[in-house]
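Following: one structure in structure tokens, then a few remarks.
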Amino acid sequence: MKDLIRIRDLSVRFYTYEGVVHAIDDLDLDIRQGETLGIVGETGSGKSMTALAILRLVPYPGKIESGSIVFCDRDSGGEVELLKLREDRMRAIRGNKISMVFQEPGAALNPVYTIGDQISEVFLLHRRQELGRRARERVDNLLNDGNGFGAGLKRPFWHWQSRIYDKIAEEPHALEPRLLSHIPLFRRLLWRLKDEASLLTVDMLKDVEIPDAARVAAEYPHELSGGMKQRAVIAMALACSPELLIADEPTTSLDVTIQAQMLELFRRIKADKGASVLFVTHNLGVASEVCDRVAVMYAGRLCEVCTVEELFLHPLHPYTRALLDAVPMPGKELQTIPGALADALNPPPGCRFHPRCPSATPLCQQERPKLKAVAKDHMVACYLF
Amino acid sequence: MTDWKFTARQLVRNPLSLLGIIIIVIFVFIAIFAPLIAPTPESHQQRPYMIPRDGYRAQPEPPSEDHIFGTTQGQYDIFYGVIWGTRSAFRVGLVVIGIVVVIGILLGSLAGYFGGIVDEIIMRITDVFLAFPALILAMAIVAALGPSLNTVIIALTVVSWPSYARLIRGDILQVREEDYIEASRGLGASSARVILRHALPNAIYPTLIMASLDIGAVVLSAAALSFLGLGAPEGYADWGQLTSFARNWIVGPPGDPLKYWYAVTIPGLFILFFVLGWNLLGDAFRDIFDPRLARR
Amino acid sequence: MELRSYIIRRLLLLIPVLLGVTLFIFGITMMFSPTQRAMLYVRDAKQLADLPAVIERYGLDQPFVVQYGTWLGQVFTGNLGYSKVVSQPVSDAIIQFLPATLELAIFATPLIILLGILLGTTAAAHKDRPLDHGTRVAAILGWSLPTFWLGLMLLMIFYGFLRGFLPPGRLSVQIDLLVNAAPFIRYTHINTIDAILNLDGPVFLDALRHLVLPVVTLSVVNVAFIMRLMRSSMLESLGKGYILTARAKGLAERVVVNKHARRNALIPVITVSGYVFAALANGVVITETIFNFKGIGWWAWQSAINLDISSVLGFALFNAVLFVLVNLVVDVLYTRVDPRVRLGQGVQ
């Protein structure tokens, strides 16, 4: 399978009042086309930051220090270096080619706009051409079918509208419609764009199995349940059929029953749309259900990357093994990982897991183990292998 | 108390709050050493707060060796007025804030802790006072009681206590719900003891600090009342009054429109810097205490 | 329907507050002896000669409750006493002087709101960069400026130094004569609006020229206030999850700030706009006094320094009622802006 995203030597640092935090340290990771890759780790392991770094949305005072993230566009076949892209080009990718679903659906939706408004916004931003085309068709139909006195009066107006929508359909940022949209009263000429966007929005909401989609589109976030909100957020992320969907703990804040529905939804999305999914989670159980491959992170570094079967059948890295032992299962005694998560400000030298590792050697304390392939589709960063 | 160390370090690191501290220290210095900076003339020893005047002519005189900031309308010495006015400012500010804080703590903690009918009564009373724009109520009170420095203090106390009582009530309400209060009550501590030993200190330090920094605002209001002619008697060392003396001398004679600039500018600058000092400090504290903009 | 019952409920809640306000105002007058209070009603020498008759007539020696009842009845019928400064009833004086003050407010309020919101948004969007520090220092400075001194300084520069460029008062003498003469119809007594209705350019310009300095003086403190509030409110809003969502959609930073963050940040600003009204009311007294701008603030000042108690208290009562109503409007507005608010229940 071909790669969709190639991350090389990615480092993200936070310049805080207390000192510099190495949130991500020389990370190499590939996301393949059509796969679901899970990133698993504890809170503070840098898994969410990796997701944000791909979109170049690392929050202040964090900074992408170095590295490269190459996006191999499946549609056009071209390769772009995301970290060197101009900001406006990057914006054209966000929400369009790469989109993201956040942990807390309640916080991810703007409380003062309706669900419909917030999803339409994505279409109006990235699908202007299509909206223009559809609006034009609608006006043209009116021009062809319109009869009688009223239609006769409106005809010149329709002609004008048709021309503007035509411009938008050809070139989404053409001058004339852009100027028009800034002139009060005249910008009403463009209302059909919003109408078309709302139609697409309702379709999108139906697609994520929201019942009564038209009504939900007109509602405000606080009027919906947590599961419905998360569906709306997913609809927003899927609006432009992205090639990569990043899901940051999308089920953590939901009830278990809703969680299961949501995982089912993710599986279906992948099957239907063929998009890649980057699934960030701290829950190995959830990862096992949706992911093809899993990357395990600890204190800003990768420990192990392998297929989900390998992870559960042949875990290699001591941290991965400890993580699996910490999953509660009936009939098994629960193991905890000794020690605390590495101090982000003063991380231990060498392998960051060595203070908590049962099989640490003096070498582990001095030098950082490199990520190396030990079998097909199985990489691990540990001196034991 | 690492928190206090952190706060102190933040204040000194931030150039604005440092400037505020410096300004306040200078004013404290001026107030303490006023008799040395602007010695009271022999003839005035009985009433040092009355500004000595050099004649009775209305027209202000420009700065000279005798009057380094010049004289204002009625030949009152501006330098003496602003230096001793610092003392008046501190007096009004400290007295008002002191009384207001005591009333605020008393009524606020009563309302916040006991709740119910006590809370209801106290809060409805604050509602009544807060229904007036503050300066207008103060103006009405001063006019009714007859203008003097003391009535200004009374008026400003009357208009400002309700908001502090409310703030402290809010603090107490917030803390009352917290676990350690429950815990100490569970251990058998009496209500009063719980309030005094636990709730009060934890809840109201930030409020008290912010209140003390309101001295600037209180002095500004007092100056405004004085300026309107509703303050200290004529000739009393008071910045607001000195500014009001300049009202008739804003425009100089033809050809020299800024002739009396010193009479207009100097007293106002003292008020501005005094208030600015407290506000700079207050702004820094607000950032530190604002949980929404938590430190990073 | 829901809105109407909410408003009615809020109006009912106003009754105890307004009773308290009137009780307080009346309490102040009761500090004076009946004779002193009789003086408040005296309008001519004949009444002055027969004070006991005045006391008798107004029941000034009755028990407190009776007098309060009588007084409250008078207040309800619009009788707030007699203003000696302008030799007319207090209620007439308020009606006479209100248009000038309204004119100030008409110009100052939009300026305060727009400038405050704009500066606050800009500062927050540039957090910890020079623009932020600059606006912040300006805000603290504006917040610390004594309004009365600012007025004098502005007059010294724009009236004195620039030779009458922006004068005090409401209108120049010649224009004032023109306005009060036959062809000019005074619809509202708000000069600028009347000038527009009369299509009179010179009057409009003259009125505008007199308005600049008072409006600026009145606005500075409030712009600083709104700006500071808007900045911290914006900073809070910009840290929310939906901002990250908006950025992840690919929206330009301009849209993220001006649409997604600002709409939310405005909610707390609206809740305090009642305080802006209070600050304006306070500022009007000082501003009108300095600029000899004859509105109710100027009248209140004149009454205060002449110890015309009934006028000052009437003015205070008028302001309190207005302030309480403004707060009611603000609360209703708040429920319109924040979709999460169910009427009378607060944020869910």
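The values are calculated or read from the model by the stated rules, or taken from the named source; none is laboratory data. Remember, predicted model here, so these are calculated numbers, not experimental data. Cβ coordinates were reconstructed from backbone atoms using ideal geometry, including for glycine residues, and neighbour counts include every protein chain displayed.
Here is a yes/no grid of residues against (1) more than 30 Å from A:Tyr220 (Cβ to Cβ); (2) at pLDDT 90 or above:
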| site | (1), (2) |
| --- | --- |
| C:Thr245 | no, yes |
| C:Gly250 | no, yes |
| C:Tyr275 | no, no |
| C:Trp299 | yes, yes |
| C:Leu317 | yes, yes |
**Request:** From (1) of a type outside the set (Val, Ile, Thr); (2) touching a residue at least 40 places away in the same chain (Cβ under 8 Å); (3) buried (at least 18 other Cβ atoms within 10 Å of the Cβ); (4) assigned by TED's automatic domain parsing to the domain that holds C:Val137, pick out the condition that doesn't hold for C:Asn191.
**Result:** (4)
**Request:** Go through segment A:214-227 and give me each residue that's over 18 Å from A:Leu125 (Cβ atoms) and either crowded, with 22+ Cβ neighbours inside 10 Å or in contact with a Cys (Cβ under 9 Å, 6 or more places away or on another chain) (or both).
**Result:** A:Val216, A:Pro221
**Request:** Among the numbered conditions (1) assigned to a helix (DSSP H, G or I); (2) of a type outside the set (Gly, Ala, Ser); (3) under 13 Å from B:Ala140 (Cβ atoms); (4) at the interface with chain B (Cβ under 7 Å from one of its Cβ atoms), tell me where C:Thr289 comes up short.
**Result:** (3)
**Request:** Those residues that are of a type in the set (A, V, I, L, M) and either over 26 Å from A:Trp158 (Cβ atoms) or touching a Pro at 6+ places or on another chain (Cβ under 7 Å) (or both), I need them from segment A:111-124; list them, please.
**Result:** A:Val112, A:Ile115, A:Ile119, A:Val122
**Message:** Every residue in segment A:286-320 that is out of contact with any Asp or Glu (no Cβ under 7 Å at 6 or more places or on another chain), among the β-branched types (Val, Ile, Thr) and part of a strand (DSSP E or B), please.
**Reply:** A:Val294, A:Val305
**Residue under evaluation C:Asp200, criteria (1) farther than 25 Å from C:Asp338 by Cβ; (2) modelled with pLDDT of 90 or more, criterion not met** = (2)
**Asked** Can you tell me how many residues in segment B:139-150 are touching a residue at least 24 places away in the same chain (Cβ under 8 Å), assigned to a helix (DSSP H, G or I) and more than 9 Å from chain C (Cβ to nearest Cβ)?
**Response** 1
**Message:** Regarding segment C:170-185, can at least one residue be identified that is of a type outside the set (A, V, I, L, M, F, W, C) and crowded, with 16+ Cβ neighbours inside 10 Å?
**Reply:** yes
**Message:** All but one of (1) more than 30 Å from C:Val329 (Cα to Cα); (2) surrounded by 12 or more Cβ atoms within 10 Å (Cβ to Cβ); (3) under 31 Å from the mean Cα position of the chain (by Cα) hold for C:Ile7; state the number of the condition that does not hold.
**Reply:** (1)
**Request:** For C:Leu119, indicate whether it is crowded, with 16+ Cβ neighbours inside 10 Å, within 25 Å of C:Trp301 (Cα to Cα) and modelled with pLDDT of 90 or more.
**Result:** no
**Asked** Taking segment C:16-35 as the search range and keeping residues that are away from every other protein chain (no Cβ under 11 Å) and in a helix (DSSP H, G or I), which one is surrounded by the fewest Cβ atoms within 10 Å (Cβ to Cβ)?
**Response** C:Thr35
**Message:** Being small (Gly, Ala, Ser), at pLDDT 80 or above, within 15 Å of A:Glu42 (Cβ to Cβ) and in contact with a helix residue (DSSP H, G or I) (Cβ under 8 Å, 6 or more places away or on another chain) is the filter here; which residues of segment A:320-374 pass it?
**Reply:** A:Ala322
**Request:** Name every residue in segment B:54-99 that is touching a Gly at 6+ places or on another chain (Cβ under 7 Å) and either within 22 Å of B:Ile154 (Cβ to Cβ) or not hydroxyl-bearing (Ser, Thr, Tyr) (or both), in order of residue number.
**Result:** B:Ala58, B:Pro60, B:Glu61, B:Pro62, B:Pro63, B:Gln75, B:Ile78
**Request:** State whether one or more residues within segment A:90-103 are in contact (Cβ under 8 Å) with a residue 24 or more places away in the chain, of a type in the set (Lys, Arg) and within 11 Å of chain C (Cβ to nearest Cβ).
**Result:** yes
**Asked** Do we find a residue being without any contact (Cβ under 8 Å) to a residue 40 or more places away in the chain and more than 10 Å from every other protein chain (Cβ to nearest Cβ) anywhere in segment B:267-286?
**Response** no
**Item:** Among the candidates C:Gly241, C:Gly314, residue that is within 10 Å of another protein chain (Cβ to nearest Cβ), surrounded by fewer than 22 Cβ atoms within 10 Å (Cβ to Cβ) and more than 23 Å from C:Leu141 (Cα to Cα)
**Value:** C:Gly241
**Prompt:** Which one of these is in the same structural domain as C:Ile305 (by TED's automatic domain parsing), without any contact (Cβ under 8 Å) to a residue 40 or more places away in the chain and more than 23 Å from C:Gln47 (Cβ to Cβ): C:Leu98, C:Leu131?
**Reply:** C:Leu131
**Prompt:** So which residues in segment A:80-121 are over 23 Å from A:Val280 (Cα atoms), in a helix (DSSP H, G or I) and either touching a Gly at 6+ places or on another chain (Cβ under 7 Å) or charged (D, E, K, R) (or both)?
**Reply:** A:Lys84, A:Glu87, A:Asp88, A:Arg89, A:Ala92, A:Asp117, A:Glu121
**Message:** Please list, ordered by residue number, the helices (runs of 4 or more DSSP H) wholly in segment C:38-79 having 3 or more residues that are assigned by TED's automatic domain parsing to the domain that holds C:Thr22 and farther than 18 Å from C:Gly20 by Cα.
**Reply:** C:45-49, C:51-58
**Message:** Restricting to segment B:126-138, count the residues that are more than 7 Å from every other protein chain (Cβ to nearest Cβ) and free of Cβ contacts under 8 Å to residues at least 60 places away in the same chain.
**Reply:** 3
**Item:** Some residue of segment A:122-131 being facing chain C (nearest Cβ under 7 Å), outside any helix (DSSP H, G or I) and at pLDDT 90 or above
**Value:** no
**Asked** When the residues of segment B:242-263 are filtered to those that are in a loop (DSSP other than H, G, I, E, B) and buried (at least 21 other Cβ atoms within 10 Å of the Cβ), which remaining residue is nearest to the other protein chains (Cβ to nearest Cβ)?
**Response** B:Ile250
